[in-house]
Each structure stands twice: as C-alpha cells, then as structure tokens.
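Here's the structure, in structure tokens; my notes come after.
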C-alpha cells in the first residue's frame, strides 16, 4: 500500500507484477500511474482524489475566512508529482478570487525557514499547504512557522488543524485508508488490480480551529462554522 504519488512511482519502478494499492493519490491518470479510473490496467489501483474541484474549494473557503487577503502563498514540494497540477488549479482559483498567488518551494525541513521568510517578504496574507507526505512529516514545524509569521493557513489534511493549524478541507484520511484496505482484501482474494476501478472520495471534511482563529484576530463567518464538520475550540 502506497500513499502519495512519488511512493507509487517508486513502487512501480521496483515491480510491474506485484499489486500496488495507492491511497489518496491526486490525479493518478494525469500522473501516468493508471490508464484510466474505470480500468486502471497494469498492477496499480486504489483510492484517489481529483485536485481540480478540491483546490478551488479550499481557496474559496480560505478567502471566506480571510476576506481582505490580496496575496496568497502556496507551499509546494518539487518532488511531489501532483503539485504541478495543484499549482495550475490554484492559479485558476486565485484568479477567480482576485488574489495574487506566490508559489514557494520546500523539499524538506531544511527549506521551511527560507520558505516562510520568502512568504513574509512577499507580504502574503494567507497560506495554502496542499496534501504532501513530506509536509505531513513536518507539520508541527509548518504550523509553528505559520503561527510565528501570523499566516492564516488552509491545509489539505485535518491533522494540521488538530495540532494548531487554522483550517483544513479535504478527503477523510481514515476513509481513504479503509478503502485501500478493502482493495488489499479483494486482491488477496484473487482480483487483478488492473480490473478494479480507482475509487474517488465520497466524504470531504471541513475542520476549523477556533482557538487559532482568535489568536490571529480572525472572525470566522457563522455560515462556515455551521457547515464545518468539526470546530476545535
């Protein structure tokens, strides 16, 4: 089982015969991991999500939380195969929202300080951190730097918000991994991965940390609080 596109690529390079179950991989067709969602072909299947609708929704929610934002920073990992597509979708969403987008890169923890320093120089008014395995490993540091630079953040995974980030919107991670486990079960019972359609998420969660919002001097619109799947106080 492999979360993140770069892990799936590494697994494919290692074997073209052993079944590979991906979990929460963005745009697997666009990344060349499967032939199609309906009939993946090869030895890869699993759970995925399309970035197009999700990124637009994430930035729209962030704009509602920070209505006066005019500059937005997006933190990207150059090693993540899905991030170029995420950036293109973010550009479209930012333009529709009337927001200037600044892409800042970080491959690992050594780059994070410089990345946030660049956001400060660019006078970013908010931060978007899309789903990335490397960033998840260092989410505590990312949250600390966001708090230090007083950047309201929208994150692609709710764990950030549990640890002090402002807000997240994205697929339910537990549901994705349960879906991955179901694929493993089917394959162990004889199914071929190439014949199993890639599953798209059915549950998306909006989580807001009200304590963090107050620390940043933000007032969350009541309509968003009502829509949130969880509000952390």
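Kindly indicate which of 165, 170, 180 is surrounded by 15 or more Cβ atoms within 10 Å (Cβ to Cβ), modelled with pLDDT under 95 and not in a helix (DSSP H, G or I). Lay out the reasoning, then the answer.
Working: 165 fails: modelled with pLDDT under 95; 180 fails: not in a helix (DSSP H, G or I).
Testing whether each residue is surrounded by 15 or more Cβ atoms within 10 Å (Cβ to Cβ), modelled with pLDDT under 95 and not in a helix (DSSP H, G or I) leaves just 170.
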Reported set for region 99-117 where residues are outside any loop (DSSP other than H, G, I, E, B) and in contact (Cβ under 8 Å) with a residue 24 or more places away in the chain is 100, 101, 102, 103, 104, 105, 109, 112, 113, 115, 116
Is it the case that region 220-232 has a residue that's farther than 27 Å from residue 70 by Cβ and assigned to a loop (DSSP other than H, G, I, E, B)?
yes
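Being over 21 Å from residue 79 (Cβ atoms), in the same structural domain as residue 21 (by TED's automatic domain parsing) and either in contact with a strand residue (DSSP E or B) (Cβ under 7 Å, 6 or more places away or on another chain) or modelled with pLDDT of 90 or more (or both) narrows it down to one of 126, 191, so name that one.
Testing whether each residue is over 21 Å from residue 79 (Cβ atoms), in the same structural domain as residue 21 (by TED's automatic domain parsing) and either in contact with a strand residue (DSSP E or B) (Cβ under 7 Å, 6 or more places away or on another chain) or modelled with pLDDT of 90 or more (or both) leaves just 191.
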Leading residue by the ranking (farthest from the chain's Cα centre (by Cα)) among those in region 196-210 that are touching a residue at least 40 places away in the same chain (Cβ under 8 Å) and exposed (fewer than 13 other Cβ atoms within 10 Å of the Cβ):
197
Please indicate, with yes or no, whether at least one residue in region 217-225 is out of contact with any helix residue (DSSP H, G or I) (no Cβ under 9 Å at 6 or more places or on another chain), free of Cβ contacts under 8 Å to residues at least 40 places away in the same chain and not assigned by TED's automatic domain parsing to the domain that holds residue 19.
yes
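Would you please name the residue that is nearest to residue 165 (Cα to Cα), looking only at residues in region 129-143 that are modelled with pLDDT of 95 or more and part of a helix (DSSP H, G or I)?
Ranking the candidates gives 143 first.
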Return yes or no: is residue 149 over 23 Å from residue 53 (Cα atoms), surrounded by fewer than 16 Cβ atoms within 10 Å (Cβ to Cβ) and either in contact with a helix residue (DSSP H, G or I) (Cβ under 7 Å, 6 or more places away or on another chain) or modelled with pLDDT under 90 (or both)?
yes
Residue 197 versus (1) in the same structural domain as residue 144 (by TED's automatic domain parsing); (2) not in a helix (DSSP H, G or I): which is the lone unmet condition?
(1)
Any chance region 26-37 includes a residue that's under 30 Å from residue 117 (Cβ atoms) and either modelled with pLDDT of 95 or more or not assigned by TED's automatic domain parsing to the domain that holds residue 216 (or both)?
yes
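The values are calculated or read from the model by the stated rules, or taken from the named source; none is laboratory data. Note that the structure is predicted; figures quoted are calculated from it, not measured. As a convention, Cβ positions derive from the backbone with ideal geometry for all residues, glycine included, and neighbour counts pool all protein chains shown.
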